[in-house]
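The structure appears right after this line, and notes come after that.
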Amino acid sequence: MASSSIYSCIECGSNLNLNPSHAFPPDFYFEAGNKGTISFSSVDPTKFTFLREDRIRPFFETLNYWGIHRKRTKINCICCARLLGYVYDDGPPLTDSPGQFHMGPSQVIPRAPRYRFKTKALRITSSP
């Protein structure tokens, strides 16, 4: 039987129950990047708390430009509330549709959530 990885919180050591078979390959392209992170297609929701973040960052390029609107969801450890990563909606399309006018996927096609964890927030050990 092959060994698999166990992912636990670096702060409290609780097992996060992340399945290595749900991990995206490290060279898989995402708009939000993947440097210093591990991305999963699904997680066990009983191990985390999810906190929606909706804010505008000030960025005054011109008088009429007020800021960058950013929506994302924080992933926190349910035991110690440490920030582990974020949920992004730039995963693979939920449908295999070629998009409007067959010009590729568009913003209209719903995309699967991607759970992006910071590697410095995880303790990764191998099980026998």
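The values are calculated or read from the model by the stated rules, or taken from the named source; none is laboratory data. Values in this document were obtained by computation on a predicted structure and should not be read as measured data. Quick reminder, even Gly has a Cβ in these numbers, built from the backbone with ideal geometry, and neighbours come from all protein chains shown. Surface areas here come from the heavy atoms of the whole protein model, side chains and all, with no ligands, DNA or RNA. Shrake-Rupley method; radii C 1.70, N 1.55, O 1.52, S 1.80 Å.
Details
- The single condition among (1) at pLDDT 90 or above; (2) open to solvent by less than 70 Å² (accessible area, probe 1.4 Å); (3) assigned to a strand (DSSP E or B) that Ser42 does not meet is (3).
- In this entry, Phe48 is excluded by the filter for residues that are at pLDDT below 95 and among the aromatic types (Phe, Trp, Tyr).
- Taken over region 1-39, the criterion of being closer than 16 Å to Arg114 by Cβ, out of contact with any helix residue (DSSP H, G or I) (no Cβ under 9 Å at 6 or more places or on another chain), in contact (Cβ under 8 Å) with a residue 60 or more places away in the chain and crowded, with 16+ Cβ neighbours inside 10 Å is satisfied by Phe24, Asn34, Ser39.
- Inter-residue pairs, beta-carbon under 6 Å, first buried (at least 17 other Cβ atoms within 10 Å of the Cβ) and modelled with pLDDT of 85 or more and in region 80-96, second assigned to a strand (DSSP E or B) and of a type in the set (Phe, Trp, Tyr), 6+ apart: Leu84/Phe117; Gly85/Phe117; Val87/Tyr115
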